[in-house]
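Peer 1: First, the structure itself, so that you have it in front of you.
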Amino acid sequence: MDVFAPGGPRGPVPANGPAGRAGSHSYGSVTDWPDDTDGHTGADARPGSGDAPPDDQPPAAKGGKGRAFTGIAAAAVVTVLAVVVAGQVTDGGGTASGARSATDQARDARDAGTGVLGQSSPSPSSSAVVAPLTYEQKMDTKYPLSAKLDGSGKFDAVQGVDKAPGKGQKYTYRVDVEQGLGLDGALFAEAVQRTLNDKRSWAHGGARTFERIYSGKPDFVITLASPGITADWCARSGLDTTQDNVSCDSAATERVMINAYRWAQGSTTYGDRIHAYRQMLINHEVGHRLGYSHVTCDKNGELAPVMQQQTKFLDHDGIHCRANPWPYPGS
């Protein structure tokens, strides 16, 4: 049932990992020479570093004795090494763990669940996954915004296109959002498109369809703006929105002005029904752009017409009207 009779239009490996760890240089066993038994440094103990015999004396006698001594020393070194290695093999209860390289031990630690040596990898259950809010949840949420905010007056058009879903008379519009509001412009644009093309809205019965554009010349521009900037644009059409901090259709301009404070916080007449209030706000101001004027309900307990000033009042002349966001609520 119609609420009123519509009027005519107006990568890389870590440095402390196996390949870059200090103390595992691949040439360590070649350059670390042991000290000799005479107390000389390793450089003096290298083969061929001793004094050479004179050229005019045969080296056989000294050399034979020296070779015998060297052989005995070498055998002693081999024996000591064998004892050390045996001790490493049998250390730890007869296992070979003492002889395992640091590389193997680091690899075992990493395989046990450490991604970086000394740092435990986070457990999969330690990161909670938070699902994004749905459209309905966002529309049911009030957002902080000052009733006295006077913003920059600079607007950004919400990018993208929402094609008209119907076959009726097509209206094109753009959505502008004032910079610095801290509100979700994409949510606002989605709400406008969904609301206007709802069968309970001005698209009722296939009479109209609405399409959001981003470029080109639209039929009108739905603008979300701070209270101060809303008042400025409404004043260009001779309208005063400051007394009740409301929205307007600035008919002398291309802009349908939606007061961001009302969008964010709603009104006392709707209480916590912020989703329904936002739908009413869009339908009411676009209704003005389509040529409809203010009306009120006539009987106590009736739904308020969408063109009633529901932000300001639901009761008048002893009649109580019920909040209603739709031009055709029974559809």
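The values are calculated or read from the model by the stated rules, or taken from the named source; none is laboratory data. Small disclaimer: the values here were computed from a predicted structure and weren't measured. Positions of Cβ are generated from backbone atoms using ideal geometry, with glycine treated the same way; all protein chains shown enter the neighbour counts. Surface areas here come from the heavy atoms of the whole protein model, side chains and all, with no ligands, DNA or RNA. Shrake-Rupley method; radii C 1.70, N 1.55, O 1.52, S 1.80 Å.
Peer 1: In the neighborhood of Ala235, defined by Cβ-to-Cβ distances under 15 Å, what is the net charge if each Lys or Arg adds +1 and each Asp or Glu adds -1? Kindly include the intermediate steps, with their values, before the conclusion.
Peer 2: Numbers: positive: Arg236, Arg255; negative: Asp150, Asp232, Asp240, Asp244, Asp249.
So the surrounding residues net to -3.
Peer 1: Considering amide H positions built from the backbone, and no H for Pro or chain starts, which residues 5 or more places from His316, or on another chain, come under 5 Å of its amide H?
Peer 2: Answer set, sorted by chain and number: Cys321.
Peer 1: Hey, another quick one. Please give the net charge around Gly160, taking every other residue with its beta carbon less than 13 angstrom from that of Gly160, where Lys and Arg add +1 and Asp and Glu add -1.
Peer 2: Details: positive: Lys163, Arg174, Arg212; negative: Asp156, Asp162, Glu190, Glu211.
Around Gly160, the surrounding residues sum to -1.
Peer 1: Right, another one. Would you list Thr268, Thr141 from the most to the least accessible area, probe 1.4 Å?
Peer 2: On the way: Thr268 135, Thr141 50 Å².
Correct descending sequence by accessible area is Thr268, Thr141.
Peer 1: On to the next question. Quick one: with all protein chains in place, what share of the accessible area of the stretch 244-310 is carbon or sulfur, to the nearest percent (1.4 Å probe)?
Peer 2: Details: 910 of 2140 Å².
Of all accessible area on the stretch 244-310, carbon and sulfur atoms account for 43 percent.
Peer 1: Given H placed on each backbone N at 1.01 Å, which residues far from Asp249 in sequence or on other chains put an amide H within less than 5 Å of it?
Peer 2: Met257
Peer 1: Moving on. My understanding is that a pair violates if its Cα-Cα distance is over 20 Å; which of Lys170/Lys199; Lys170/Lys217; Lys163/Lys199; Lys142/Lys299; Lys138/Lys163 do that in this structure?
Peer 2: Details: Lys170/Lys199 15 Å; Lys170/Lys217 14 Å; Lys163/Lys199 16 Å; Lys142/Lys299 31 Å; Lys138/Lys163 23 Å.
Going by Cα-Cα distance, Lys142/Lys299; Lys138/Lys163 fall outside the 20 Å limit.
Peer 1: Enter the accessible area of Thr253 (Å², nearest 10), with the probe set to 1.4 Å and all protein chains included.
Peer 2: The accessible area of Thr253 comes to roughly 30 Å².
Peer 1: Let me check I've understood the local charge: for Trp326, count other residues with C-beta under 10 angstrom from its C-beta, Lys and Arg +1, Asp and Glu -1. What total comes out? Show your work: numbers first, answer last.
Peer 2: Working: positive: Lys199, Arg200; negative: Asp198.
Summing Lys/Arg as +1 and Asp/Glu as -1 gives +1.
Peer 1: Let me check the size of the stretch 155-281 from its C-alpha atoms; what are the radius of gyration and Dmax in Å?
Peer 2: Rg then Dmax for the stretch 155-281, in Å: 14.3, 40.
Peer 1: What is the calculated FRET efficiency for Thr172 to Ser331, with r their C-beta to C-beta distance and R₀ = 25 Å, to the nearest 0.05?
Peer 2: Details: r = 24 Å, r/R0 = 0.95.
According to the calculation, E is roughly 0.60.
Peer 1: Given the whole protein assembly as supplied and a 1.4 Å probe, what does the accessible area of Lys299 come to in Å², nearest 10?
Peer 2: Lys299 exposes around 130 Å² with every protein chain in place.
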